[in-house]
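The values are calculated or read from the model by the stated rules, or taken from the named source; none is laboratory data. Everything numeric in this text was worked out from a predicted model, so none of it was measured. Positions of Cβ are generated from backbone atoms using ideal geometry, with glycine treated the same way; all protein chains shown enter the neighbour counts.
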Amino acid sequence: MRFDKRIEITALVLTLVGVATSTETRAQFGTPQVAVSPVVEREVAVGQTFVGTVMPLKKAIIGSAVEGRVVAFPKNAGDRVEQGETLAKLLTTTIQLEWQTANAELKLREQQLTQLKNGVRPEELKQAEARMRGAEATMAHRRLRRSRSEGMFANNRAVSEEERDLSVSEAIAAEQAFVDAQLAFELARLGPRTEQIAQAEAQVEMQKAIADRLKDQIEKHTIISRFSGYVTAEHTEVGQWVKAGDHVAEVVALDEVEISAHLVEQFVPYTRVGMTVGVDVPAVPGRQFSGQVTAVVPQADVQARTFPVLVRVKNELVDGQPLIKAGMYARVSLPTGRREMARLVPKDALVLGGQQPSVFVVDTTGDGKQGKARAVPVEMGASTGGQIQVNGNLQAGQLVVVQGNERLPPTGVEVNVQRVIPPPEPEQRRAAATQAGTR
């Protein structure tokens, strides 16, 4: 008896603490502001459950573009890998040395091209001019000696024929040396030819291509994942020699999954790309997911007369692992054509991510501007326009939160209703109005 009394006192204290905390929270952050829309009851196409299989959004068997020895394999089967992350590395010591040599040669050719473009320095031009003046002076001296030798030889003076011939040859050589120095000075003054610069530029481009090719080879020795996902198979190990084209690892993308369900041919006209549908994965009990039809494949199984329907579902990560895994069995609710009365709410009213989808119903008081929001679990059905069928403890005319519901606690809280958003018109009425407006 005394024990039961103690439990009652403890419960009362916890209740008072909760009320005080709620009051303090509202005082600190204010009453949540929400927008609501009424639950409507309309005739919609009846949904039916179809069996499907969970498939990864992407799947790739990643191979090696070059041959080499595996020196690192940092990922194991089941590990997550991000886009651009390394799956394996091959030995690159030799090719690294070749790349360094090619880069050094490239720098040499680039400097040679820069030297050509910059032309001759003023000091070099003066040097060439000085050499030309010196050659000119030497030429004048040799000419004078030649003239004297020839005159003395003609007057039978003490000059032999050999001495005369030597002075003649020296004079001719001095003249040619002057011409050579003069041309060198003119070339220095004019600078490099356009063709020389073009040739040097071509050599630079050729060497750059060699260096880039070696760099590309080095990059190909590092095998990466082209998208984020999970390693599902290892096809090599450290120390193994792989050839170009050999498989290294298998990666699947599971951040979003695609469910392939097979729809009987008479129901195909009622399934449209873009519609929101409910998805149930038995391996994840107590959870219902929302998916979007991304494709109705227009090729049937000839024997079964069924058409593949692809439904994309956003996956959830728990401790770094996907909640929905490839190959799991799934059930998809798709419209089948029959029509019946159903309760509809805007898609924005759905709160996903918990044990079960839910909506927040607002029980208003007074002038309808204040009320208390409470979470109501629902099951999703077929969608129509911007609304979706829900089954749960809901009545037509009740107000559900469509803006601000992501911040509301599931235990309920006082809210201020900023505005009431009217429900959209039925698709049939909207289509009729559009057709009438085009007449």
Quiz item: Quick one: which of 211, 244, 200 is in contact (Cβ under 8 Å) with a residue 60 or more places away in the chain, outside any helix (DSSP H, G or I) and not basic (Lys, Arg)?
Solution: 244
Quiz item: Looking only at residues in the stretch 257-313 that are in a loop (DSSP other than H, G, I, E, B) and basic (Lys, Arg), which one is surrounded by the most Cβ atoms within 10 Å (Cβ to Cβ)?
Solution: 287
Self-check item: Search result, residues across the stretch 123-138 that are over 13 Å from residue 176 (Cα atoms) and either of a type in the set (S, T, N, Q) or not in a helix (DSSP H, G or I) (or both)
Solution: 127
Exercise. Evaluate the stretch 267-277: report whether one residue or more is within 16 Å of residue 50 (Cα to Cα), aliphatic (A, V, I, L, M) and within 30 Å of the chain's Cα centre (by Cα).
Key: yes
Exercise. Please enumerate the residues belonging to the stretch 30-45 that are at pLDDT 85 or above and acidic (Asp, Glu).
Key: 41
Practice problem: Name every residue in the stretch 359-385 that is in contact with a strand residue (DSSP E or B) (Cβ under 6 Å, 6 or more places away or on another chain), surrounded by fewer than 18 Cβ atoms within 10 Å (Cβ to Cβ) and either of a type in the set (Gly, Ala, Ser) or under 16 Å from residue 333 (Cβ atoms) (or both), in order of residue number. | Solution: 379
Quiz prompt | All positions within the stretch 401-420 that are touching a strand residue (DSSP E or B) at 6+ places or on another chain (Cβ under 7 Å) and within 19 Å of residue 365 (Cβ to Cβ) | solution = 401, 404, 408, 412, 413, 414, 415, 416, 417, 418, 419, 420
Quiz item: Only one residue in 195, 205 is closer than 30 Å to residue 84 by Cβ, part of a helix (DSSP H, G or I) and not hydroxyl-bearing (Ser, Thr, Tyr), so which one is that?
Solution: 205
Quiz item: Picking from 322, 308, 298, 377, which residue would you name as being modelled with pLDDT of 90 or more and closer than 30 Å to residue 416 by Cβ?
Solution: 377
Quiz item: With the stretch 36-111 as the region, which strands (runs of 3 or more DSSP E) entirely inside it contain at least 1 residues that are among the charged types (D, E, K, R) and over 34 Å from the mean Cα position of the chain (by Cα)?
Solution: 40-63
Quiz item: Since residue 322 meets every condition but one in (1) surrounded by 17 or more Cβ atoms within 10 Å (Cβ to Cβ); (2) more than 25 Å from residue 48 (Cβ to Cβ); (3) in contact with a Lys or Arg (Cβ under 6 Å, 6 or more places away or on another chain); (4) of a type outside the set (Gly, Ala, Ser), which condition does it not meet?
Solution: (3)
